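Peer 1: Can you read through this structure? Questions will come right after.
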Amino acid sequence: MNTTTHPIAAVLDALTHFLERLQPLAQLAARLYVAQAFFASGLTKLRDWDITLALFQDEYHVPLLPPELAAWMGTGGELVLPVLLALGLCGRFAALGLSVVNVVAVLSLAEIAPAALQQHVFWGSLLAGLLLWGPGRWSLDAWWWPRLMRGSR
């Protein structure tokens, strides 16, 4: 039986192991990038609440919600969920919540510039990855969840 590995297979295997070691860094970078964008948007809304309310009444047409409630919920989501995402605390929940905020933001605008739409698609892609694969080993979830599960037994 031949136990030698083909040189190409060995290189591909080494490359795969190297890239897998970069996953926690990539997940952290994605979390921080998306969190910063949404948190900055939430802070902008807080700076001038009257303008925020006017935007939700005149520009943003959030389905099913009155404008003032939509403003509160959107701003709250943009301030709380990014903190959870950045920390990787309830990371999948935060990614799901920000995905909803992201989709509602796109749907609520009658017209959206192509560059802005591309940005939302990019954020949505990063959030989908975090939702599917989790916040990564460099997250509070990775530290906290196993301890929580051990404590419940």
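Peer 1: Taking the stated definitions as given, is residue 76 modelled with pLDDT of 95 or more and either touching a Pro at 6+ places or on another chain (Cβ under 6 Å) or exposed (fewer than 13 other Cβ atoms within 10 Å of the Cβ) (or both)?
Peer 2: Answer is no for this residue.
Peer 1: Hey, can you tell me all the residues within region 120-146 that are hydroxyl-bearing (Ser, Thr, Tyr) and touching a residue at least 24 places away in the same chain (Cβ under 8 Å)?
Peer 2: The one that is hydroxyl-bearing (Ser, Thr, Tyr) and touching a residue at least 24 places away in the same chain (Cβ under 8 Å): 139.
Peer 1: Residue check: is residue 117 within 27 Å of residue 57 (Cα to Cα), free of Cβ contacts under 8 Å to residues at least 12 places away in the same chain and assigned to a helix (DSSP H, G or I)?
Peer 2: Yes: the conditions hold for residue 117.
Peer 1: So which residues in region 72-104 are assigned to a helix (DSSP H, G or I) and of a type outside the set (A, V, I, L, M, F, W, C)?
Peer 2: Of everything in region 72-104, those that are assigned to a helix (DSSP H, G or I) and of a type outside the set (A, V, I, L, M, F, W, C) turn out to be 74, 75, 76, 77, 78, 82, 91, 92, 97, 99, 102.
Peer 1: Could you pull out the residue among 107, 130, 53 that is surrounded by 14 or more Cβ atoms within 10 Å (Cβ to Cβ), in contact with a Pro (Cβ under 9 Å, 6 or more places away or on another chain) and part of a helix (DSSP H, G or I)?
Peer 2: 53
Peer 1: Something else: Please go through region 17-27 and give me each residue that is farther than 16 Å from residue 135 by Cβ and surrounded by 10 or more Cβ atoms within 10 Å (Cβ to Cβ), ordered by number.
Peer 2: Answer for region 17-27, where residues must be farther than 16 Å from residue 135 by Cβ and surrounded by 10 or more Cβ atoms within 10 Å (Cβ to Cβ): just 19.
Peer 1: Right, next: Among the residues of region 133-144, what is the count of those that are surrounded by 17 or more Cβ atoms within 10 Å (Cβ to Cβ) and part of a helix (DSSP H, G or I)?
Peer 2: 1
Peer 1: Evaluate the following for residue 89: is it under 24 Å from the mean Cα position of the chain (by Cα), under 25 Å from residue 123 (Cα atoms) and without any contact (Cβ under 8 Å) to a residue 40 or more places away in the chain?
Peer 2: no
Peer 1: Kindly indicate which of 30, 71 is farther than 21 Å from residue 139 by Cβ and surrounded by 14 or more Cβ atoms within 10 Å (Cβ to Cβ).
Peer 2: Within the list 30, 71, the selection yields 71.
Peer 1: Moving to a separate point now. Only residues that are over 23 Å from the mean Cα position of the chain (by Cα) and part of a helix (DSSP H, G or I): list them for region 57-71, please.
Peer 2: Residues satisfying the conditions are 57, 58, 67, 68.
Peer 1: When you go through 53, 84 one by one, which is the residue that is closer than 15 Å to residue 30 by Cα and over 9 Å from the mean Cα position of the chain (by Cα)?
Peer 2: On the way: 53 fails: closer than 15 Å to residue 30 by Cα.
Just a single option satisfies the conditions, and that option is 84.
The values are calculated or read from the model by the stated rules, or taken from the named source; none is laboratory data. Note that the coordinates shown come from a computational prediction; the quantities given were computed from them, not determined experimentally. Positions of Cβ are backbone-derived with ideal geometry, glycine not excepted, and every protein chain shown enters the neighbour counts.
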